[in-house]
Structures are given as C-alpha cells and as structure tokens.
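Asker: The structure follows.
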Amino acid sequence: MSAHSDAVNHSGHGASALPEDGPAISIRSVALGLLLIPPNAYWLAVVEVVRATDAPTELSLFSNAVFTLVLVVLVNGLIGRVAPRLALSRREVAVTYILCTLGCAMGSLDMYACLPPMMAFPAQYASPENDWEQQLLPLLPEALYIPQRELAAGYWQGGQSVYEPRLLAAWLPRLGYWMVFGLGLSLLWLAMTAIFSPRWIRSERLTYPIAQLPAALAYRPRRLVEDPALLLAAGVATFIALLNGIHHFQPIWPYLPVKAGMVPQTNVGAQLVDPPWNAVGTLTLSFYPFAIGLGLLLPARLSLSCWVFYLLFKLQHVVVNQAGSWTMEGFPYTRQQSLGSFLGLVAFSLYMSRRHIARFAAEALGRQEPADEDRPLAPRTALLLLVGSFAFLVGFSSWAGMTIPYAVAFFTLYAALCLSFTRVRAEMGVPTHELHLVGPGESFFRWFGSERIGGRNLAVAALYYWFNRAYRGHPMPHLAEGFKMCDQGHIAQSKLVPWAVLAMLIGGFSTAWTLVHVLYVDGANTKWGVMRHSEWIAIVPYQELALTLEQPTGPNTGSIFATVVGFVVTIVTMALNTYVSWWPLHPVGYAVSNAHAMNKMWFSIFVAWCIKAVLIRYGGSSGARRVQSIAFGLILGDYVAGSLWSIYGLARNLRAYSVWI
C-alpha cells in the first residue's frame, strides 16, 4: 500500500474520489485562507483576552477554525449548485483551512495574544514601593516593551485611541521587532517539521487524529451529511449547547450541567474536607460533548492513560499531605514531572528516529541522493533553515541582553519541547497539551539558581514568557497536521510553505494589533476588567523576576529530582509500551494529565473510553466504525453551536455562553 493511500484511508476517504480540478495552491484558496485570518484573530483576541469568556485555542482542535471551515464548506456547496465553475475544489478548501488555522495558532492564547500585555505591563506597574524603576526596568531592552508609563497607561485605563502619532510611534516599531522574531520562530518550526514529517507520515504512518475531522469536512463533506450516527450525535450536542446558552441569558430555562463547575455537586473534591483527602483539591465530573468526541478519537490506551494518570497525580497530593510534606513549596512538583515526561518522549522519539536522522544528514550534506518523495523542504534547505533560524534567535536574544551560552541552552530546550508536542499530537491527537510555568526560563532558574544565571538573562527570559506561557495553541503541531492534510489530498507540500509562514505572521500581528486597538478604547482593567486577563497574563513572570532579583536563589533540588523522575518514568513506560504488548498505559498520558484543562475534561475522557470500549466489544466492526461518526458529530454539534453563541455575544457586546470555560 502506498503512503498516500494509507494516509487517506486513515481519514476514512480514498484518494480516488478526489477531483482532478487544477492546483490546490491557487490564488483564490490562498487569498481566502489569508483573508479569514484577521476576523478570526479579532474574534479570538476579544473572547480570550479582552472579555475572557471563551478559550478556543486552549484545545488542540480550535472551535473557531472548525466553525469557519463549516461555513466555507456550506457556502462553497451553495456556489457549486448555482455556478459550479466558481466553487472551490475540495483541495482548495483544505488549503483555506490550513492557512486559517495556522494564523489562529500564531495569535493563540499562549502566543501573540500574550505579547501586548507583556509589553505594556512593566512601566505601568512600576512604583516607588516595588522599586521596579531601579531594579527591573533597566534590565529590559527598551526596544521590546513600552518604557514610558504615559504611553502604556491607555492600554489599561482605556479612553484613548492608539492611532495618536505618539502611540503609533511607540507600538509599531516594537511590534515590528517582535514580528521579525516571530518569523525566526516560524522558520525554526518549519525546519523541524520538514525534517520529521516525512517519516511520521510515510514510515511510521501516524494517524494525526486532530486532523481527521477537518480532512473529512474538506474532502468528504457529503459523506458526513449522510451518516445517521454523526447527525444524531451532532443533534444531541447542538441541543445541549443551545439549551444551556438560553439558560445563560434566561436562568428560568432548564439546563444540562455538562460543564465542570456548572453545579457545585459535580465537584467531588469539594466533598473531601478531612485530611489527607482534602489535598485532592478540585475533582470535577464533566460531560463536555466535544471532549467526549475528542476522547473517542484517541487510541484506547491513551484515553485510559489520561484519566488513570490524572487520578495518580491526585493521589500524589494525598500521599504528600499524609506524609506532612504538603507545606514544602511546589512539592510534589507535578509540573516538573510533566516537563521531564515531555523531554523523555522527545528523547525516545529521537532515538527511534536515529536512522532517519542519519539518512537526512547524509542527504543534506550531499553524501546520499535525496529520496524522490513529496516533502515540505529539500533536506539541504531544511538543514540550512534549521541552523539559520536557530542562529538568528540566539543573535536576537544576544541583542536583547541574553548571554550567548544561555540563549543557546534556552532555544535548545525550547526546540525539544516544540518537537515533543508536535510528535505527541501527530501520534496520539491529545485534546490538550500544557506546560505552565515550566518553560526554559522558569526551568533553568529552578535548575541552576538565579545567582548563576544572572539578572539580564532572567529579565529577557521573563520577556519571552509570551511564547512560553503554556504551549497549548502552539503553531508547530498545526503545521505538521497541515502537511498531513496536504499528503491526504495530494497537495504539493513545498508549495504550501511560503503561504504557511505568511499566514502565521498575519495571524500574530492581527491578534496583537486587535488587542492594542480594542484595549486602548475599552481598557484592560476597566470595561471588561472583571477577569483582568491582561494583568493576569503579565503579572506572573514580572513578579517572579522582581522577587528573584530581591532574593537570589540557588538550585532547587526538588525541581531537578522531579524532572529526572518524569524523564525516567517516561522512558521506562515508553519501552514497556513499545516492547510489551499487554502493557496498558502510555506515557503520553503521564505528560498531559497534569494540565489545567485536564482538570475539567478528565471525566469526559473517561466517559469516552467507556463508550468506545462498549461499542468495540459488543458492536464488532460496525461499532468500531460508529466511534468516529459519533466523535465527529459530538465535536461538530458542540463547536458550531458554541461558536454561534460566541459570535452572538461578540455582536451584542455581551458575555455569552461558552461550551468550554
């Protein structure tokens, strides 16, 4: 079986039915994909940061992007009936979605949506009491943040227009520097994806579960409409979202408590008031339709691992509380365990890919003829781009104030994490992946101590928090999934590359400028200041930096030990998972189950695991086929109805119902 046919079959449709209707990378598909980015960026910036009413980019599959794809498919279908020659081909629809999603990822809640708050915060919140003007601000490069309080104040207080010449002169050049930096990041992701994507798609034949629904919508929309199980599941999810949305505005209406925390009784942890069980904390039961759908798309071993490891993390807290160690700062360091697990996953993946890496190096250096296959970049181009983009990021950081050795270490760890998230998404399709407060800056600070790292390195690392906050909407996994969709549709991956980079740059700038534009009018802490989300984003790294400058610290042995434990447990579990057929758990569950989002959706994944087990055990082959249909229906119904409520709130200037937060 060929690689192309295998990739297509994993998504439930064959390549033979794809129309031979000209190039997929056409002017109109590219133009439409790029034009859809700014309105989506505005939508995300307002609901995620300005009003904090929704968080589509916390999840691996963006609800706004799926909704946009559904609209494109519906409108394109209508055009096809009236003027078939004007309708987009299915491959053009796929390209439109890929570009739109990449733009949304670049502007996501853990990427450029964090940049304006980080730029506007230091000068505004410096005061004689905290002495930031003497200790903290001199360490930050003035070219990368707004250094005068009178220029930053409007972002927080509102009542101004950012289009005043003095404000434009303050923001545009600095955003320009950050856009150039974002280009360097984009090229680094592209180079790493180009190196490993051919192996993942053709040699390992990874299934890319997150790309399955978008691929089905783009390439086989009619098959979805004709699937009764999908329509029934979509109808149930839509009904729940519409009913709960009405209840949100009219509490007299009934509702179905599918979300975590909708009613206090669903928080089992709140009922555990006596020690040591009170250390469990939040333990909510939820029935998110979309999360159940995403759980159904997971391999059964991973869905089992997600909820089992989640409960094991809770059990750690209970044991620590019983042992009397609960007062130790950070113990049992569950975040550091997750960091070690992700590093273990990428280390194991690199080891298993050692022959591919050796062959790639031989092809890039001209010692071996490159394989005749479609790939995003030629081997030599990918290698030069990897080295060049990495060197640029190190050089930019050196210009900002980092020492070169620290910058090299910083971006080496960053690149390893990016590769780990992308590999996990390609193989397992996890609903969310998160590493909050354990990025390179925070990790090195805990591993080596602030005295050894130095104040300026710490300051620039704090400024880099905007793209190291939690990695949930990271663009690199979406880039890999885009190349997978290209492979399914026989779209030349190399032709997508320049447009993919442009889409990410447009998405980053559109999101950042939306926040600046809106919040200079509304004020981050005034009109929509109940959540004070901008302040919440920026205060964490700067307060930690200020505290560290006042009270220098040494290495944190507990953090180091937890990271090593996470790494070793993952390597051992990965080896068992690979070589012992009966081993039930996958270490990816260990890596992702400590995420904030998993607090809300762990029980939904448990429900999905139960449903999938019953359907496969008692439904046979027909039950197995229905799993994907039910999953697609639950996701589509919840995402479409939730997006409609979100747009309604956006249009009416209201806090609308969200299917997620």
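The values are calculated or read from the model by the stated rules, or taken from the named source; none is laboratory data. Because the structure is a prediction, the values reported are computed rather than measured. Note that each Cβ is placed from the backbone with ideal geometry, even for glycine, and that neighbours are counted across all protein chains shown. Protein only, heavy atoms only, side chains kept; ligands, DNA and RNA dropped before computing areas. Shrake-Rupley method; radii C 1.70, N 1.55, O 1.52, S 1.80 Å.
Asker: Which whole-number percentage describes the relative contact order of region 512-623, with Cα contacts under 8 Å and a sequence gap of 6 or more? List each step's numbers first, then the result.
Answerer: On the way: 25 pairs, mean separation 10.1, N = 112.
Relative contact order here is 9 percent.
Asker: Cα to Cα, under 19 Å, and not fewer than 8 places away if on the same chain: which lysines meet these conditions relative to residue 314?
Answerer: The reachable lysines, counting only those whose Cα sits under 19 Å from residue 314, are 600.
Asker: Distance between the C-alpha centers of region 625-655 and region 266-307? Whole Å please.
Answerer: 22 Å
Asker: Taking the Cα-to-Cβ direction at residue 270 and at residue 447 and moving 7 Å from each Cα, how far apart do the two end points lie in nm?
Answerer: Placing both labels 7 Å along Cα→Cβ, they lie 4.0 nm apart.
Asker: Ok, one more. Name all residues of region 216-230 having a backbone nitrogen under 13 Å from the label point set 7 Å from the Cα of residue 625 along its Cα→Cβ direction, giving them as ranges.
Answerer: Counting backbone N atoms under 13 Å from the label point, the list is 227-230.
Asker: Under 16 Å from the Cα of residue 484, which lysines turn up, not counting those fewer than eight places away in the same chain?
Answerer: Filter leaves 495.
Asker: In what order, largest first, do 89, 203 sit by accessible area if the probe radius is 1.4 Å? Don't skip to the answer; put the middle values down first.
Answerer: Numbers: 89 10, 203 80 Å².
Final ranking, largest accessible area leading: 203, 89.
Asker: Let me ask another. Compute the relative contact order of the chain as a whole-number percentage, counting only Cα pairs closer than 8 Å that sit 6 or more residues apart in sequence. Before the final figure, lay out the partial values.
Answerer: On the way: 1100 pairs, mean separation 215.6, N = 661.
Relative contact order of the chain: 33 percent.
Asker: Could you grab the relative contact order for region 28-120? Cα pairs under 8 Å, six or more apart, rounded to a whole percent. Provide the component values of the computation, followed by the final result.
Answerer: Numbers: 76 pairs, mean separation 40.5, N = 93.
Over region 28-120, the number comes to 44 percent.
Asker: Using only the alpha carbons of region 473-536, determine the length spanned along each of the three principal axes and report them from longest to shortest in whole angstroms.
Answerer: So the extents along the principal axes, rounded to whole Å, are 50, 18, 14.
Asker: For residue 661 and residue 169, FRET efficiency with R0 = 35 Å and r from the beta-carbon atoms, rounded to 0.05?
Answerer: Values: r = 37 Å, r/R0 = 1.05.
Result of the calculation: an efficiency of 0.45.
Asker: Accessible surface of residue 226 in the full protein assembly, 1.4 angstrom probe, to the nearest 10 Å²?
Answerer: Answer for residue 226: close to 120 Å² accessible.
Asker: Continuing with this model, one more query. Setting aside same-chain residues fewer than 8 positions from residue 527, which aspartates and glutamates have a Cα under 19 Å from its Cα?
Answerer: Those aspartates and glutamates meeting the cut-off are 48, 54, 535.
Asker: Could I ask something else about it? At a 1.4 Å probe, what is the % contribution of carbon and sulfur to the accessible area of the chain?
Answerer: On the way: 16370 of 25380 Å².
C and S fraction of accessible area: 65 percent.
Asker: Further question on the same structure: Rg and Dmax in Å for the chain, alpha carbons only: what are they?
Answerer: When restricted to the Cα atoms of the chain, Rg and Dmax are 24.2, 73 Å.
Asker: Among the trypsin sites (Lys or Arg not before Pro) in region 331-419, which ones are in a DSSP loop with at most 14 other Cβ atoms within 10 Å of the Cβ? Mind listing them? Please list the in-between numbers first.
Answerer: Numbers: sites: 335, 354, 355, 359, 367, 380; in loops: 367.
Filter output for region 331-419: 367.
Asker: Using r as the Cβ-Cβ distance of residue 319 and residue 354, and R0 as 30 Å, what FRET efficiency do you calculate, to the nearest 0.05? Numbers along the way, then the final one.
Answerer: Numbers: r = 38 Å, r/R0 = 1.27.
FRET efficiency, residue 319 to residue 354: 0.20.
Asker: Using 0.36 nm per residue of separation minus the Cα-Cα distance, give me the extension gain between residue 576 and residue 653 in nm, one decimal. Before the final figure, lay out the partial values.
Answerer: Working: separation 77, 0.36 × 77 = 27.72 nm, distance 5.30 nm.
Here the answer is 22.4 nm.
Asker: To continue, here is another question. Please list 300-311, 341-352, 70-81 highest first by mean number of surrounding beta-carbon atoms within 10 Å per residue.
Answerer: Values: 300-311: 22.3, 341-352: 20.8, 70-81: 14.5.
Going by the mean number of other Cβ atoms within 10 Å, highest first, we get 300-311, 341-352, 70-81.
Asker: Based solely on its DSSP helices, what 222 nm [θ] is calculated for the chain when runs of n ≥ 4 H residues each add -39,500 (n - 2.57) and the sum is averaged over all residues, nearest 500 deg cm²/dmol? Working shown, then result.
Answerer: Working: 27 runs with 436 residues, N = 661.
Value at 222 nm, helices only, nearest 500: -22000 deg cm²/dmol.
Asker: Sticking with this structure for a sec: What whole-number value in Å² describes the accessible area per residue of region 435-540 for a 1.4 Å probe?
Answerer: Working: 2890 Å² over 106 residues.
Accessible surface, normalised per residue, equals 27 Å².
Asker: Rank 420, 581 by accessible area, highest first, at a 1.4 Å probe radius?
Answerer: Details: 420 0, 581 105 Å².
Reading off the accessible areas and sorting them downward yields 581, 420.
Asker: Further question on the same structure: Just to confirm, what accessible area per residue do you get for region 100-214 at 1.4 Å probe, in whole Å²? List each step's numbers first, then the result.
Answerer: Values: 3360 Å² over 115 residues.
Accessible surface, normalised per residue, equals 29 Å².
Asker: Full-extension gain between residue 131 and residue 247, please, as 0.36 nm times their residue separation minus the C-alpha to C-alpha distance. Don't skip to the answer; put the middle values down first.
Answerer: Values: separation 116, 0.36 × 116 = 41.76 nm, distance 4.81 nm.
Answer, rounded to one decimal: 36.9 nm.
Asker: Peptides 39-51, 402-414: what's the order by average Cβ count within 10 Å, highest mean first? Don't skip to the answer; put the middle values down first.
Answerer: On the way: 39-51: 23.5, 402-414: 18.8.
Sorting 39-51, 402-414 by mean packing, highest first, produces 39-51, 402-414.
Asker: Given a 1.4 Å probe and heavy atoms of the protein chains only, how would you sort 609, 178, 277, largest accessible area at the top? Mind showing how you got there, number by number?
Answerer: Details: 609 75, 178 0, 277 135 Å².
From most exposed to least exposed: 277, 609, 178.
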